Amino acid sequence: MEAAKKAGGPVMVTFSRGGGQFLAGKAADNTDDAACIAGTVAGALHVRQVAKLYGVPVILHTDHCQKSWLPWFDGLIEASEEYFEKNGEPLFSSHMLDLSEESLEDNIAICKKYLERMAKINLLLEMELGVTGGEEDGVDNTDVDSSRLYTQPEEVWQVYETLSAVPNGNFTVAAAFGNVHGVYAPGNVSLKPVILHNTQKFIKEKLGCDSDKPVSFVFHGGSGSSLEDIRYAIEAGVVKMNIDTDTQWAFWDGMNDYQKKNKDYLQAQIGNPEGPEKPNKKYYDPRMSLRSGEEKMADRLVKCMEDLKCIDRL
Ligand SMILES: [Zn+2]
């Protein structure tokens, strides 16, 4: 939100399931449904409260939810339903449901069921087709068959046909076009955003519509992508890009810088180059190193906003 205010906004804040559990004061290992729900809801309420200080549009989203994590998903929708009753809007803006491990039929049917419920309180559904490679938040797709890394236009059409029939339903499609979670050595990933472009063309023909971009796509695993690929993906109808790994790295880099810069003040509670009895409390205060991480991450986010051309627009 600090980065968004600096650049002109808007910004999307996304909680993962493991992140929610971590916010509840537990390890980020995705094992405790109740903690995952409590932490994610608490995070959303925190963002809503603090967002008032920044005055930029904030979209509250949650990341990948696979089938075995549906109790978390249900808990979040319930929280939005309760919030909606009191405030006339949902607690969250949108949720991602990643049933790409299920059959296409099951994926679409379960998404439809949830979208019907979510549409009533103006929650957007992001669904996934195909597989994002790599590893993230405890889900390992590093060994997946490479053909599954590329979504077929026919699959997107089936999703589009079913979900666009839901009254007031808003949805986006996280399609696989060779994207992966994480940053790997150059040449390891073959991004083909032309798949998105071809899919738009296919669906435009099916619909016989005027729009060149009937589908709103989501780009998972945006970290490490070239500006050229990012811009091409936007032209092909990408409305959202996830950039976890690059922002995580920026945060760590900022903390690492802090440690290096203040190394001589961080070896003991007392004693530094200024004298053997000088206290170091203000250096090892966790807020100091965490703040350094925040500043680096905010700088990286401003660059993301420029790359994505999302400054001063929704
Ligand atoms: Zn993802």
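Would you confirm, using the coordinates I've provided, whether GLY130 is at positive phi, of a type outside the set (D, E, K, R), in contact with a helix residue (DSSP H, G or I) (Cβ under 7 Å, 6 or more places away or on another chain) and within 16 Å of the ligand (Cβ to nearest atom)? Even if it seems obvious, please write down each step before you answer.
On the way: at positive phi: yes; of a type outside the set (D, E, K, R): yes; in contact with a helix residue (DSSP H, G or I) (Cβ under 7 Å, 6 or more places away or on another chain): yes; within 16 Å of the ligand (Cβ to nearest atom): yes.
So GLY130 fits the description; yes.
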From GLY20, GLY39, GLY43, GLY8, grab the single residue that is among the small types (Gly, Ala, Ser), modelled with pLDDT under 95 and farther than 30 Å from GLU155 by Cα. GLY8
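Okay, residues lined up against (1) among the hydroxyl-bearing types (Ser, Thr, Tyr); (2) closer than 23 Å to PRO167 by Cβ; (3) under 19 Å from the mean Cα position of the chain (by Cα):
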site: LEU60; (1), (2), (3): no, no, yes
site: HIS64; (1), (2), (3): no, no, yes
site: ILE77; (1), (2), (3): no, yes, yes
site: GLU82; (1), (2), (3): no, yes, no
site: PHE92; (1), (2), (3): no, yes, yes
site: GLY130; (1), (2), (3): no, no, yes
site: VAL139; (1), (2), (3): no, no, yes
Of the residues VAL180, VAL166, VAL156, which single one is within 26 Å of SER93 (Cα to Cα), surrounded by 23 or more Cβ atoms within 10 Å (Cβ to Cβ) and touching a helix residue (DSSP H, G or I) at 6+ places or on another chain (Cβ under 7 Å)? VAL156
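Mind checking whether some residue in the range 77-94 is over 30 Å from HIS46 (Cβ atoms) and within 16 Å of the ligand (Cβ to nearest atom)?
Within the range 77-94, the first condition is being over 30 Å from HIS46 (Cβ atoms), and the residues that meet it are none.
No, every residue in the range 77-94 fails to be over 30 Å from HIS46 (Cβ atoms) and within 16 Å of the ligand (Cβ to nearest atom).
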Which condition breaks for CYS209 when tested against (1) closer than 24 Å to GLU116 by Cβ; (2) modelled with pLDDT of 95 or more; (3) part of a loop (DSSP other than H, G, I, E, B)? (2)
What are the pairs with Cβ atoms under 6 angstrom where one residue, in the range 7-18, is part of a loop (DSSP other than H, G, I, E, B) and the other, located anywhere, is surrounded by 20 or more Cβ atoms within 10 Å (Cβ to Cβ)? Sequence gap at least six, or different chains. SER16/ASP63
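Quick one: in the range 133-151, of everything that is in a loop (DSSP other than H, G, I, E, B) and touching a residue at least 12 places away in the same chain (Cβ under 8 Å), which residue is nearest to the ligand (Cβ to nearest atom)? Spell out how you get there, then give the answer.
Step one: of the range 133-151, the residues in a loop (DSSP other than H, G, I, E, B) are 137-138, 142-145, 151.
Restricting the remaining residues to those that are touching a residue at least 12 places away in the same chain (Cβ under 8 Å) gives 137-138, 144, 151.
Working: ASP137: 8, GLY138: 12, VAL144: 13, THR151: 14 Å.
Going through the qualifying residues, I end up with ASP137.
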Please specify each residue of the range 204-248 satisfying the condition of being over 19 Å from LEU314 (Cβ atoms), more than 16 Å from the ligand (Cβ to nearest atom), surrounded by fewer than 21 Cβ atoms within 10 Å (Cβ to Cβ) and not basic (Lys, Arg). GLU205, LEU207, GLY208, CYS209, ASP210, ASP212, PRO214, SER226, LEU227, GLU228, ASP229, TYR232
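Restricting the search to the range 226-238, which residues are part of a strand (DSSP E or B) and either outside the structural domain of PHE177 (by TED's automatic domain parsing) or more than 19 Å from the chain's Cα centre (by Cα) (or both)?
Listed by number, the list is empty, since nothing qualifies.
The values are calculated or read from the model by the stated rules, or taken from the named source; none is laboratory data. None of the values given here were measured: they were computed from a predicted structure. Glycine also receives a Cβ, built like all others from the backbone with ideal geometry; neighbour counts cover every protein chain displayed.
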